[in-house]
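The next block holds one structure in the form of C-alpha coordinates; read it before the comments.
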Amino acid sequence: MSNAKDEELWSAVQGRDASRDGEFFYGVMTTGVYCRPSCNSRRPLRKNVRFFTTPEEAERAGLRPCKRCRPTGASANVLNQVVHELARQIDAAPDSKLSLEQLAKRSGYSPFHLQRSFKAIMGSSPKEYQTAARVRMLKKELRNEAPVADAIYQAGFGSGSRVYEKADGQLGMTPSEYRSGGKGLTISYASGQTPLGLMMIGATDRGICFLQFGDSDQALLDDLRLQFAAATVQPMPDSSRTEFESWMGALNRHLRGLEPRLDLPLDVRGTAFQLIVWRYLQKVPYGEVRSYAEVAAAIGKPSAARAVAKACATNSVALLIPCHRVVRGTGELGGYRWGMQRKRVLLDTERAASKR
Ligand SMILES: [Zn+2]
(Lines give C-alpha, C1' and ligand atoms only; values in the text may rest on other atoms or scores of the structure.)
Protein backbone atom coordinates (compact mmCIF):
# COMPACT_ATOMS: atom_id res chain seq x y z
CA MET A 1 0.00 0.00 0.00
CA SER A 2 1.26 3.49 -0.83
CA ASN A 3 2.18 6.13 1.75
CA ALA A 4 -0.72 8.47 1.03
CA LYS A 5 -3.12 5.55 1.29
CA ASP A 6 -1.41 4.52 4.54
CA GLU A 7 -1.99 7.96 6.03
CA GLU A 8 -5.66 7.77 5.11
CA LEU A 9 -5.94 4.33 6.72
CA TRP A 10 -4.14 5.58 9.80
CA SER A 11 -6.65 8.38 10.24
CA ALA A 12 -9.47 5.80 10.00
CA VAL A 13 -7.72 3.82 12.75
CA GLN A 14 -7.34 6.91 14.90
CA GLY A 15 -11.05 7.62 14.43
CA ARG A 16 -11.92 3.96 15.21
CA ASP A 17 -14.01 4.08 12.04
CA ALA A 18 -16.20 0.96 12.20
CA SER A 19 -17.44 1.55 8.67
CA ARG A 20 -13.98 0.49 7.48
CA ASP A 21 -14.03 -2.84 9.34
CA GLY A 22 -13.44 -5.66 6.91
CA GLU A 23 -11.89 -3.33 4.36
CA PHE A 24 -8.43 -3.44 5.94
CA PHE A 25 -6.60 -4.44 9.11
CA TYR A 26 -3.79 -2.85 11.04
CA GLY A 27 -0.98 -4.69 12.72
CA VAL A 28 1.12 -3.53 15.64
CA MET A 29 4.58 -4.87 14.97
CA THR A 30 5.79 -4.38 18.57
CA THR A 31 2.97 -6.44 20.14
CA GLY A 32 2.56 -8.89 17.25
CA VAL A 33 -1.23 -8.38 17.08
CA TYR A 34 -3.49 -7.25 14.26
CA CYS A 35 -6.88 -5.52 14.63
CA ARG A 36 -9.93 -4.12 12.90
CA PRO A 37 -9.91 -0.31 12.44
CA SER A 38 -12.65 0.01 15.09
CA CYS A 39 -10.80 -1.98 17.79
CA ASN A 40 -11.25 -0.49 21.27
CA SER A 41 -7.65 -1.07 22.29
CA ARG A 42 -5.31 1.84 22.93
CA ARG A 43 -3.98 3.40 19.71
CA PRO A 44 -0.41 2.25 19.03
CA LEU A 45 2.43 4.53 17.93
CA ARG A 46 2.19 5.26 14.22
CA LYS A 47 5.71 4.02 13.56
CA ASN A 48 4.83 0.53 14.85
CA VAL A 49 1.80 0.12 12.60
CA ARG A 50 1.47 -1.67 9.28
CA PHE A 51 -1.66 -2.13 7.17
CA PHE A 52 -3.01 -5.30 5.59
CA THR A 53 -5.85 -6.03 3.22
CA THR A 54 -6.66 -9.48 4.61
CA PRO A 55 -6.12 -11.39 7.86
CA GLU A 56 -4.01 -13.92 5.92
CA GLU A 57 -1.63 -11.18 4.84
CA ALA A 58 -1.25 -10.06 8.46
CA GLU A 59 -0.64 -13.61 9.62
CA ARG A 60 1.99 -14.15 6.93
CA ALA A 61 3.78 -11.18 8.49
CA GLY A 62 3.86 -13.12 11.77
CA LEU A 63 0.95 -11.40 13.51
CA ARG A 64 -1.89 -13.02 15.47
CA PRO A 65 -5.51 -11.82 15.66
CA CYS A 66 -6.45 -9.47 18.51
CA LYS A 67 -8.63 -11.18 21.14
CA ARG A 68 -10.67 -8.03 21.68
CA CYS A 69 -11.87 -7.10 18.21
CA ARG A 70 -11.56 -10.61 16.68
CA PRO A 71 -10.55 -9.48 13.20
CA THR A 72 -11.09 -12.94 11.76
CA GLY A 73 -14.75 -13.07 12.80
CA ALA A 74 -15.80 -13.12 9.16
CA SER A 75 -19.53 -13.16 9.74
CA ALA A 76 -19.33 -10.17 12.07
CA ASN A 77 -17.29 -8.33 9.47
CA VAL A 78 -19.80 -8.90 6.72
CA LEU A 79 -22.72 -7.93 8.94
CA ASN A 80 -20.92 -4.78 9.98
CA GLN A 81 -20.29 -3.81 6.39
CA VAL A 82 -23.88 -4.56 5.38
CA VAL A 83 -25.28 -2.42 8.18
CA HIS A 84 -22.96 0.46 7.34
CA GLU A 85 -23.89 0.17 3.69
CA LEU A 86 -27.59 0.40 4.59
CA ALA A 87 -26.86 3.43 6.76
CA ARG A 88 -25.04 5.02 3.83
CA GLN A 89 -28.05 4.37 1.58
CA ILE A 90 -30.39 5.96 4.14
CA ASP A 91 -28.12 9.01 4.43
CA ALA A 92 -28.05 9.35 0.65
CA ALA A 93 -31.87 9.36 0.38
CA PRO A 94 -33.35 10.35 3.77
CA ASP A 95 -36.81 10.81 2.29
CA SER A 96 -37.20 7.31 0.89
CA LYS A 97 -38.69 5.93 4.15
CA LEU A 98 -37.77 2.29 3.80
CA SER A 99 -39.59 -0.23 5.95
CA LEU A 100 -37.71 -2.75 8.05
CA GLU A 101 -38.83 -5.44 5.61
CA GLN A 102 -37.44 -3.52 2.63
CA LEU A 103 -34.15 -2.95 4.41
CA ALA A 104 -34.01 -6.60 5.46
CA LYS A 105 -34.54 -7.70 1.88
CA ARG A 106 -31.68 -5.48 0.74
CA SER A 107 -29.41 -6.84 3.47
CA GLY A 108 -30.16 -10.50 3.00
CA TYR A 109 -30.85 -10.89 6.73
CA SER A 110 -34.17 -11.45 8.45
CA PRO A 111 -36.01 -8.33 9.70
CA PHE A 112 -35.50 -9.48 13.28
CA HIS A 113 -31.79 -10.06 12.88
CA LEU A 114 -31.31 -6.82 10.99
CA GLN A 115 -33.21 -4.80 13.59
CA ARG A 116 -31.00 -6.13 16.38
CA SER A 117 -27.75 -5.86 14.49
CA PHE A 118 -28.48 -2.38 13.18
CA LYS A 119 -29.24 -1.19 16.69
CA ALA A 120 -26.11 -2.86 18.09
CA ILE A 121 -23.84 -1.40 15.42
CA MET A 122 -25.38 2.03 14.80
CA GLY A 123 -26.81 2.68 18.26
CA SER A 124 -30.35 3.23 16.96
CA SER A 125 -33.01 1.22 15.16
CA PRO A 126 -33.30 1.59 11.36
CA LYS A 127 -36.44 3.66 11.86
CA GLU A 128 -34.79 5.99 14.37
CA TYR A 129 -31.81 6.27 12.08
CA GLN A 130 -34.03 7.26 9.16
CA THR A 131 -35.84 9.88 11.24
CA ALA A 132 -32.50 11.29 12.37
CA ALA A 133 -31.30 11.38 8.76
CA ARG A 134 -34.41 13.34 7.76
CA VAL A 135 -33.85 15.76 10.61
CA ARG A 136 -30.22 16.23 9.53
CA MET A 137 -31.48 17.03 6.03
CA LEU A 138 -34.05 19.45 7.42
CA LYS A 139 -31.43 21.26 9.46
CA LYS A 140 -29.27 21.63 6.40
CA GLU A 141 -32.20 23.03 4.44
CA LEU A 142 -33.14 25.41 7.25
CA ARG A 143 -29.62 26.77 7.33
CA ASN A 144 -29.97 27.61 3.65
CA GLU A 145 -33.44 29.08 3.99
CA ALA A 146 -34.34 32.75 4.26
CA PRO A 147 -34.44 33.59 7.96
CA VAL A 148 -38.11 34.50 8.28
CA ALA A 149 -40.87 32.75 6.38
CA ASP A 150 -43.37 32.07 9.09
CA ALA A 151 -47.11 32.04 9.06
CA ILE A 152 -47.48 35.51 10.52
CA TYR A 153 -45.60 37.05 7.66
CA GLN A 154 -47.39 34.87 5.14
CA ALA A 155 -50.63 36.19 6.59
CA GLY A 156 -49.61 39.64 5.42
CA PHE A 157 -48.62 41.27 8.68
CA GLY A 158 -45.58 43.49 8.76
CA SER A 159 -44.16 42.79 12.19
CA GLY A 160 -44.76 40.66 15.22
CA SER A 161 -46.18 43.47 17.33
CA ARG A 162 -48.72 44.54 14.71
CA VAL A 163 -50.12 41.04 14.55
CA TYR A 164 -51.77 41.56 17.88
CA GLU A 165 -53.24 44.96 16.97
CA LYS A 166 -54.77 43.45 13.85
CA ALA A 167 -55.87 40.25 15.54
CA ASP A 168 -57.79 42.45 17.93
CA GLY A 169 -60.09 43.85 15.24
CA GLN A 170 -60.32 40.78 13.08
CA LEU A 171 -61.15 38.40 15.87
CA GLY A 172 -63.57 40.85 17.41
CA MET A 173 -61.96 40.46 20.80
CA THR A 174 -59.81 42.44 23.11
CA PRO A 175 -56.49 40.79 23.77
CA SER A 176 -56.01 42.88 26.85
CA GLU A 177 -53.28 40.60 28.14
CA TYR A 178 -51.29 41.21 24.97
CA ARG A 179 -51.89 44.92 25.19
CA SER A 180 -50.38 44.95 28.61
CA GLY A 181 -47.37 43.12 27.13
CA GLY A 182 -46.97 40.97 30.19
CA LYS A 183 -46.83 43.90 32.62
CA GLY A 184 -45.88 42.77 36.09
CA LEU A 185 -44.58 39.42 34.86
CA THR A 186 -41.04 38.17 35.31
CA ILE A 187 -40.00 35.81 32.52
CA SER A 188 -36.84 33.72 32.70
CA TYR A 189 -35.41 32.36 29.50
CA ALA A 190 -32.87 29.74 28.43
CA SER A 191 -32.17 27.99 25.16
CA GLY A 192 -30.87 24.64 23.98
CA GLN A 193 -30.37 22.55 20.88
CA THR A 194 -33.06 20.14 19.68
CA PRO A 195 -33.45 17.92 16.61
CA LEU A 196 -35.38 20.84 15.08
CA GLY A 197 -32.72 23.41 15.79
CA LEU A 198 -32.21 26.02 18.48
CA MET A 199 -35.14 26.35 20.89
CA MET A 200 -35.80 28.98 23.55
CA ILE A 201 -38.05 28.53 26.56
CA GLY A 202 -39.46 31.47 28.49
CA ALA A 203 -41.21 30.76 31.77
CA THR A 204 -43.02 32.64 34.51
CA ASP A 205 -43.21 31.26 38.02
CA ARG A 206 -46.39 29.43 36.90
CA GLY A 207 -45.14 27.76 33.76
CA ILE A 208 -43.94 28.05 30.19
CA CYS A 209 -45.23 31.08 28.28
CA PHE A 210 -42.83 30.97 25.34
CA LEU A 211 -41.37 27.99 23.49
CA GLN A 212 -40.02 28.77 20.07
CA PHE A 213 -37.52 27.70 17.44
CA GLY A 214 -35.14 30.18 15.87
CA ASP A 215 -31.84 30.84 14.19
CA SER A 216 -30.00 32.47 17.08
CA ASP A 217 -30.35 33.27 20.75
CA GLN A 218 -30.51 36.96 19.89
CA ALA A 219 -33.37 36.55 17.40
CA LEU A 220 -35.31 34.42 19.87
CA LEU A 221 -34.71 36.86 22.69
CA ASP A 222 -35.88 39.73 20.44
CA ASP A 223 -39.11 37.81 19.77
CA LEU A 224 -39.61 37.15 23.45
CA ARG A 225 -39.04 40.81 24.35
CA LEU A 226 -41.32 41.95 21.53
CA GLN A 227 -44.11 39.75 22.69
CA PHE A 228 -43.76 40.57 26.37
CA ALA A 229 -42.63 44.15 25.97
CA ALA A 230 -43.69 45.20 29.45
CA ALA A 231 -42.43 42.14 31.30
CA THR A 232 -39.14 41.81 33.14
CA VAL A 233 -37.11 39.42 30.98
CA GLN A 234 -34.06 37.77 32.55
CA PRO A 235 -31.77 34.80 31.94
CA MET A 236 -32.86 31.59 33.65
CA PRO A 237 -31.47 31.70 37.21
CA ASP A 238 -29.28 28.80 38.37
CA SER A 239 -31.98 27.75 40.83
CA SER A 240 -34.26 26.86 37.89
CA ARG A 241 -31.61 25.10 35.81
CA THR A 242 -32.49 21.59 36.94
CA GLU A 243 -36.11 22.12 36.01
CA PHE A 244 -35.12 23.64 32.67
CA GLU A 245 -32.87 20.67 31.89
CA SER A 246 -35.68 18.24 32.68
CA TRP A 247 -38.01 20.18 30.34
CA MET A 248 -35.38 20.12 27.60
CA GLY A 249 -34.90 16.38 28.15
CA ALA A 250 -38.63 15.72 27.83
CA LEU A 251 -38.92 17.94 24.74
CA ASN A 252 -35.96 16.29 23.04
CA ARG A 253 -37.37 12.83 23.71
CA HIS A 254 -40.71 14.05 22.39
CA LEU A 255 -39.10 15.39 19.21
CA ARG A 256 -37.44 12.03 18.64
CA GLY A 257 -40.82 10.30 18.90
CA LEU A 258 -39.98 8.67 22.22
CA GLU A 259 -42.31 10.53 24.56
CA PRO A 260 -45.68 11.21 22.91
CA ARG A 261 -47.28 12.80 25.95
CA LEU A 262 -45.71 16.05 27.16
CA ASP A 263 -46.68 17.10 30.64
CA LEU A 264 -44.99 20.45 31.23
CA PRO A 265 -46.52 23.42 33.07
CA LEU A 266 -48.05 26.05 30.79
CA ASP A 267 -48.76 29.70 31.43
CA VAL A 268 -50.30 31.17 28.29
CA ARG A 269 -52.23 34.34 27.73
CA GLY A 270 -54.60 35.04 24.89
CA THR A 271 -58.03 36.16 23.89
CA ALA A 272 -60.97 34.00 24.88
CA PHE A 273 -61.12 32.74 21.31
CA GLN A 274 -57.41 31.90 21.18
CA LEU A 275 -57.61 30.07 24.49
CA ILE A 276 -60.55 27.97 23.26
CA VAL A 277 -58.64 27.04 20.08
CA TRP A 278 -55.40 26.31 21.95
CA ARG A 279 -57.19 24.19 24.53
CA TYR A 280 -58.83 22.20 21.75
CA LEU A 281 -55.46 21.69 20.02
CA GLN A 282 -54.10 20.11 23.19
CA LYS A 283 -56.78 17.44 22.84
CA VAL A 284 -55.84 16.46 19.27
CA PRO A 285 -54.15 13.08 19.78
CA TYR A 286 -50.47 12.62 19.05
CA GLY A 287 -50.01 11.36 15.48
CA GLU A 288 -53.32 12.79 14.25
CA VAL A 289 -54.22 16.00 12.41
CA ARG A 290 -57.30 18.21 12.06
CA SER A 291 -58.20 20.71 9.37
CA TYR A 292 -58.76 24.36 10.25
CA ALA A 293 -62.44 23.85 9.38
CA GLU A 294 -62.68 20.78 11.61
CA VAL A 295 -61.28 22.73 14.55
CA ALA A 296 -63.70 25.60 13.87
CA ALA A 297 -66.63 23.16 13.80
CA ALA A 298 -65.43 21.38 16.92
CA ILE A 299 -65.37 24.58 18.98
CA GLY A 300 -68.85 25.52 17.77
CA LYS A 301 -67.79 28.24 15.31
CA PRO A 302 -67.98 26.52 11.91
CA SER A 303 -67.44 29.75 9.98
CA ALA A 304 -64.29 30.71 11.90
CA ALA A 305 -61.72 28.58 10.04
CA ARG A 306 -59.64 31.65 9.16
CA ALA A 307 -59.65 32.85 12.75
CA VAL A 308 -58.55 29.35 13.81
CA ALA A 309 -55.64 29.62 11.39
CA LYS A 310 -54.69 32.95 12.97
CA ALA A 311 -54.92 31.51 16.47
CA CYS A 312 -52.50 28.78 15.33
CA ALA A 313 -50.17 31.34 13.75
CA THR A 314 -50.06 33.38 16.96
CA ASN A 315 -49.41 30.45 19.25
CA SER A 316 -46.17 31.22 21.07
CA VAL A 317 -45.78 27.87 22.80
CA ALA A 318 -44.75 25.36 20.14
CA LEU A 319 -45.29 21.63 20.83
CA LEU A 320 -47.08 22.17 24.17
CA ILE A 321 -49.92 23.70 22.18
CA PRO A 322 -49.57 21.43 19.15
CA CYS A 323 -50.65 23.85 16.43
CA HIS A 324 -48.61 21.76 13.98
CA ARG A 325 -51.44 19.19 14.08
CA VAL A 326 -53.74 21.55 12.17
CA VAL A 327 -53.54 21.33 8.38
CA ARG A 328 -55.54 22.45 5.38
CA GLY A 329 -58.66 20.49 4.52
CA THR A 330 -57.11 19.72 1.15
CA GLY A 331 -54.40 17.71 2.87
CA GLU A 332 -51.78 20.42 2.33
CA LEU A 333 -49.80 21.26 5.41
CA GLY A 334 -50.94 24.85 5.76
CA GLY A 335 -48.70 27.38 7.49
CA TYR A 336 -46.43 27.01 10.47
CA ARG A 337 -44.96 29.82 12.49
CA TRP A 338 -41.59 28.05 12.67
CA GLY A 339 -41.37 26.95 9.04
CA MET A 340 -42.97 24.27 6.90
CA GLN A 341 -39.98 21.96 7.13
CA ARG A 342 -40.31 21.74 10.88
CA LYS A 343 -44.03 21.08 10.59
CA ARG A 344 -43.40 18.29 8.12
CA VAL A 345 -40.78 16.62 10.30
CA LEU A 346 -42.98 16.93 13.39
CA LEU A 347 -45.92 15.27 11.66
CA ASP A 348 -43.74 12.58 10.07
CA THR A 349 -42.12 11.77 13.39
CA GLU A 350 -45.47 11.55 15.17
CA ARG A 351 -47.01 9.38 12.49
CA ALA A 352 -44.05 7.01 12.50
CA ALA A 353 -43.88 6.84 16.28
CA SER A 354 -47.58 6.22 16.77
CA LYS A 355 -47.46 3.28 14.33
CA ARG A 356 -44.57 1.66 16.20
ZN1 LIG B 1 -8.07 -5.39 18.35
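The values are calculated or read from the model by the stated rules, or taken from the named source; none is laboratory data. Remember, predicted model here, so these are calculated numbers, not experimental data. Every residue, glycine as well, gets a Cβ built from its backbone with ideal geometry; the counts of neighbours run over all protein chains shown. For the accessible areas, the whole protein counts, side chains as well, though only heavy atoms, and no ligand, DNA or RNA atoms are used. Shrake-Rupley method; radii C 1.70, N 1.55, O 1.52, S 1.80 Å.
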Name the long-range amide H neighbours of E259: under 5 Å, sequence gap of 5 or more, or other chain; modelled H, no Pro or chain starts.
-> H254
Where does each of T186, T271 land when they are ordered by accessible area, with a 1.4 Å probe and the largest first?
-> T186, T271
For the stretch 129-137, in residue order, the Karplus 3J(HN,Hα) values (coefficients 6.51, -1.76, 1.60; θ = phi - 60°; whole Hz; Gly and Pro = x) are 5, 5, 4, 4, 5, 5, 5, 4, 5
Under-5 Å amide H pairs with V233, H placed in peptide plane, nonlocal only = I187
Determine ³J(HN,Hα), in whole Hz, for all residues of the stretch 320-336 in sequence, where each value follows from phi through the Karplus function 6.51 cos²θ - 1.76 cosθ + 1.60 and θ = phi - 60°; x replaces Gly and Pro.
-> 5, 10, x, 5, 5, 7, 10, 10, 6, x, 6, x, 5, 6, x, x, 8
Amide H neighbours of V326 at under 5 Å, excluding residues fewer than 5 places away on the same chain, with H built from the backbone geometry, are R290
Would you please put 319-325, 53-59 in order of how densely packed they are, using the mean number of other Cβ atoms within 10 angstrom per residue and starting with the highest?
-> 319-325, 53-59
For R68 and M29, calculate 0.36 nm times their separation in residues minus their Cα-Cα distance, and state this gained length in nm to one decimal.
-> 12.3 nm
With θ set to phi - 60°, apply the Karplus curve 6.51 cos²θ - 1.76 cosθ + 1.60 along the stretch 282-293 and write out the HN-Hα couplings as whole Hz, x wherever there is a Gly or Pro.
-> 5, 8, 6, x, 3, x, 10, 10, 10, 7, 4, 5
Report relative contact order for the stretch 3-65 in percent, whole number only (criteria: Cα-Cα under 8 Å, sequence separation at least 6).
-> 34 percent
For T31, the accessible surface traced by a 1.4 Å probe with all protein chains present amounts, in square angstrom to the nearest 10, to 80 Å²
Please give the peptides 97-103, 127-133 ranked by average Cβ packing (other Cβ atoms within 10 Å per residue), highest first, as a rough proxy for protection.
-> 127-133, 97-103
